[in-house]
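Here is the structure we will look at.
The values are calculated or read from the model by the stated rules, or taken from the named source; none is laboratory data. Fair warning: this is a prediction, and the values are worked out from it, not measured in the lab. All Cβ positions, glycine included, derive from the backbone under ideal geometry; neighbour counts span all protein chains shown.
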Amino acid sequence: MRTVGEMLRHWRRRRGLSQLDLAIAADVSARHVSLVETGKSNPSADMILRLAAQLDVPLRERNRLLLAAGFAPRYAERPLDGQALSAAWDAVARVLRAHEPYPALVIDRRWNIVMTNRAIDPFLAHVAPHLLRPPINMLRLGLDPRGLAPHIVNLAEVRSLLRTRITRRLAAAPDPELTALYEELLAPGRDDASHPLASEVTVPMIFNFGGRELRLFSTTTTFGTPMDITLDEVAIESYYPTDAETAAYFTTPETGAPTAT
């Protein structure tokens, strides 16, 4: 098992910082950072968390740093739908409902879907049943040929966008299961692996349902300064129409919901 010093050094190098960079950010001496990393100084729990905060270490990994140094974990991991996080659950549910009639959902760190609003349901109507067994994974749902992939007109662009996002996520917080999903669905070597993105922030998802195109772009919302691992790892994905035709499709009652053919 690695020492807390070795683990902190790993995170510092992952973030591309020198010992001096970290020392300045954490308002400690570079010598102290060096002593901690080499095991010549035993850091307090507060010092570990101070350095981890400057390194933007995820809460789950901060617990591991504390355990490696012989301290108790500081951050709990409770179910989002449990009593302890009921206020957060209610807040997320309100955000999802308020976004209707447009689609929105909540995903965890492995892109499993935690919660959706009603506008998501029609998109799942013609997805293979096995893809809807919990936990429903958003990546597999979107990229599997038995999922939504046949209905995504610009699938190559969407793959490139997702590849960028997952690569960034894994760089920030490595995870074996998400890495396996990346290798399965997004690893370089596919025909569209080098598909260029004109602009990551404006790439729409273009669906074709029943011969009608729907153009949507997404935004991601996370909790600010969470103190619970679950809240630290969930994100709300909200989808908006990019044109008047798509907006009318969702807001005009007589158009109905997306119907795949």
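Taking the range 1-25 as the search range and keeping residues that are of a type in the set (Lys, Arg) and part of a loop (DSSP other than H, G, I, E, B), which one is surrounded by the most Cβ atoms within 10 Å (Cβ to Cβ)? Break it down stepwise before answering.
Residues of the range 1-25 that are of a type in the set (Lys, Arg), as a first pass: 2, 9, 12-15.
When the remaining residues are screened for being part of a loop (DSSP other than H, G, I, E, B), the result is 2, 15.
Details: Arg2: 11, Arg15: 16.
Here the residue is Arg15.
Exactly one of (1) surrounded by 14 or more Cβ atoms within 10 Å (Cβ to Cβ); (2) assigned by TED's automatic domain parsing to the domain that holds Ala171 is unmet by Pro145. Its number?
(1)
Among the candidates Pro43, Pro103, which residue alone is surrounded by 17 or more Cβ atoms within 10 Å (Cβ to Cβ) and without any contact (Cβ under 8 Å) to a residue 60 or more places away in the chain?
Sole residue among the options that is surrounded by 17 or more Cβ atoms within 10 Å (Cβ to Cβ) and without any contact (Cβ under 8 Å) to a residue 60 or more places away in the chain: Pro43.
Six or more apart or on different chains, Cβ under 8 Å: which pairs go from a residue in the range 106-120 that's buried (at least 18 other Cβ atoms within 10 Å of the Cβ) to one that's among the aromatic types (Phe, Trp, Tyr) and not in a strand (DSSP E or B)? Could you list them?
Listed by first residue and then by second, the contacts come to Ala119/Tyr102; Ala119/Phe250.
If Arg94 satisfies all but one of (1) modelled with pLDDT of 95 or more; (2) among the basic types (Lys, Arg); (3) under 16 Å from the mean Cα position of the chain (by Cα), what's the number of the condition it fails?
With (1) modelled with pLDDT of 95 or more; (2) among the basic types (Lys, Arg); (3) under 16 Å from the mean Cα position of the chain (by Cα) applied to Arg94, the lone miss is (3).
List the pairs whose first member sits in the range 170-183 and is within 18 Å of Arg12 (Cβ to Cβ), whose second member is among the small types (Gly, Ala, Ser) and not in a helix (DSSP H, G or I), and whose Cβ atoms are under 7 Å apart, counting only residues at least 6 apart or on separate chains?
Close Cβ pairs satisfying both conditions: none exist.
Check Val36, Val95, Val57 and return the single one that is touching a residue at least 12 places away in the same chain (Cβ under 8 Å), assigned to a helix (DSSP H, G or I) and farther than 30 Å from Pro204 by Cα. I'd like the intermediate steps shown before the answer.
Working: Val95 fails: farther than 30 Å from Pro204 by Cα; Val57 fails: assigned to a helix (DSSP H, G or I).
The unique qualifying residue is Val36.
Of the numbered conditions (1) among the small types (Gly, Ala, Ser); (2) under 27 Å from Glu237 (Cα atoms); (3) in contact with a helix residue (DSSP H, G or I) (Cβ under 7 Å, 6 or more places away or on another chain), Ala91 fails exactly one; give the number of that condition.
(3)
Considering Pro122, Pro101, which residue is modelled with pLDDT of 95 or more, farther than 25 Å from Pro176 by Cβ and assigned by TED's automatic domain parsing to the domain that holds Tyr249? First the steps, then the outcome.
Working: Pro122 fails: modelled with pLDDT of 95 or more.
Going through Pro122, Pro101 in turn, the sole match is Pro101.
Going residue by residue through the range 185-202, is there one that turns out to be in the same structural domain as Ala128 (by TED's automatic domain parsing), in contact with an Asp or Glu (Cβ under 9 Å, 6 or more places away or on another chain) and at pLDDT 90 or above?
Looking for residues that are in the same structural domain as Ala128 (by TED's automatic domain parsing), in contact with an Asp or Glu (Cβ under 9 Å, 6 or more places away or on another chain) and at pLDDT 90 or above, one finds at least one in the range 185-202, hence yes.
Take the range 125-139 and flag every residue that is within 21 Å of the chain's Cα centre (by Cα) and surrounded by 18 or more Cβ atoms within 10 Å (Cβ to Cβ).
If we filter the range 125-139 for residues that are within 21 Å of the chain's Cα centre (by Cα), which is where we start, we get 131-139.
If the condition is that a residue be within 21 Å of the chain's Cα centre (by Cα) and surrounded by 18 or more Cβ atoms within 10 Å (Cβ to Cβ), then Ile136, Asn137, Met138, Leu139 are the ones that fit.
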